[in-house]
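The values are calculated or read from the model by the stated rules, or taken from the named source; none is laboratory data. Remember, it's a predicted structure, so these values are computed and weren't measured experimentally. Here the Cβ is made from the backbone with ideal geometry for all residues, glycine too, and neighbour counts use every protein chain on show. For accessibility, only protein heavy atoms count, side chains too; no ligands or nucleic acids. Shrake-Rupley method; radii C 1.70, N 1.55, O 1.52, S 1.80 Å.
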Amino acid sequence: MKMVFIGPPGIGKGSYATELSKILKIPHISTGDIFREEIKKESELGKQVKKYVEKGLLVPDEIVIKVVENRLKKEDCRNGFILDGFPRTLNQAKALDRITDIDLVLNFTAPVETIIGRISGRRICRKCGAIYHVKFMPPRVPGKCDKCGGELYQREDDKPEVVVKRLKEYEETFKPIIDYYKEKKILVTVNANRHLKEVVKDCLKILEEKGLLKSSGN
Ligand code: AMP
């Protein structure tokens, strides 16, 4: 089952994708995670994208599309995948259609106040990338990852001044993408203004209704 998750930064896409990826046994592919990993490794790609990612600006389409195309060719994607953070422009959505056929697009929505609250409290493990929230999903020991003991940090682009820019950019770029998938009749809106477990349950219900759970053997 080939899925795309869309929604504003901070809505919790990453957390829903992580949960569903475990349940459905398909990879969670986050372009943001790929870029952060490459920046950490100081690879050629990392050097190219660093200036965009740290300022909360979109990485140029030709770079992102190539990265996704290569990732989707990998063996672990044969039963499907969850794309999180891609496409982010109409051009990327059209490029994705040339790469593969998407079964379902889940569009996560919540009021703006909910989104701001989620972003400002988000913390990420420096070592394993696990996601926490100081209020809604706190680690057992403040500042430390439950899974690996790594140090938790706030992403540069989760800081308020960058968040405002990202939300504005999101609104401008996503309307045509949402319209594009609506027209293709593969978009379903999910109310993300609820507890993580409720949202995940809802996603599974949608997959079942669409007959996608059976077809992938899950
Ligand atoms: P994310 O973790 O999805 O919020 O992504 C973090 C940053 O990575 C974004 O602010 C962009 O700079 C970059 N990025 C991730 N995905 C894309 C994409 N599909 N197109 C352009 N830039 C992206």
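Here are a few things to note about the model shown:
- Debye equation applied to the C-alpha atoms of the range 1-118, log10 I(q)/I(0) at 0.24 Å⁻¹: -1.52
- Label-to-label distance, nm, for residues given as Val112 and Tyr153 (7 Å Cα→Cβ offset): 3.1 nm
- For Leu152, solvent-accessible area (1.4 Å; no DNA, RNA or ligand), Å²: 20 Å²
- Loop-located chymotrypsin sites (Phe, Trp or Tyr not before Pro) in the range 2-99 (DSSP state not H, G, I, E or B) with no more than 16 neighbouring Cβ atoms inside 10 Å do not occur.
- Debye intensity ratio I(q)/I(0), log10, the chain, q values 0.10, 0.11 Å⁻¹ (C-alpha model): -0.42, -0.52
- Global geometry of the range 36-99, whether rounded, prolate or oblate, following the gyration tensor of its Cα atoms and the 1.5 cut on a/c: oblate
- Cα→Cβ-extended label distance, 7 Å offset, between Glu198 and Glu183, nm: 3.5 nm
- Summed over the residues of the chain and divided among them, the accessible surface reaches 54 Å² per residue at a probe radius of 1.4 Å.
- Residue-wise HN-Hα coupling along the range 189-206, computed from phi with Karplus coefficients 6.51, -1.76, 1.60 (Hz; x: Gly, Pro): 8, 10, 6, 9, 8, 8, 5, 2, 4, 5, 5, 4, 4, 4, 4, 5, 5, 4
- Proximity of backbone amide H atoms, modeled 1.01 Å from N, is registered between Leu57 and no other residue at under 5 Å, excluding neighbours fewer than 5 places apart on the same chain.
- With the convex hull drawn over the C-alpha atoms of the range 150-218, the volume per residue is 160 Å³.
- Charge dipole of the range 84-141 about the Cα centre (unit charges at C-beta), most positive-ward option of Val112, Ala93, Cys125: Cys125
- Loop-located chymotrypsin sites (Phe, Trp or Tyr not before Pro) in the range 94-158 (DSSP state other than H, G, I, E, B) with a sparse environment of at most 14 neighbouring Cβ atoms within 10 Å: Phe136.
- For the range 91-218, the spherically averaged projection of the C-alpha convex hull amounts to 9.8 nm².
- With every protein chain in place, the chain: carbon and sulfur % of accessible area (1.4 Å): 52 percent
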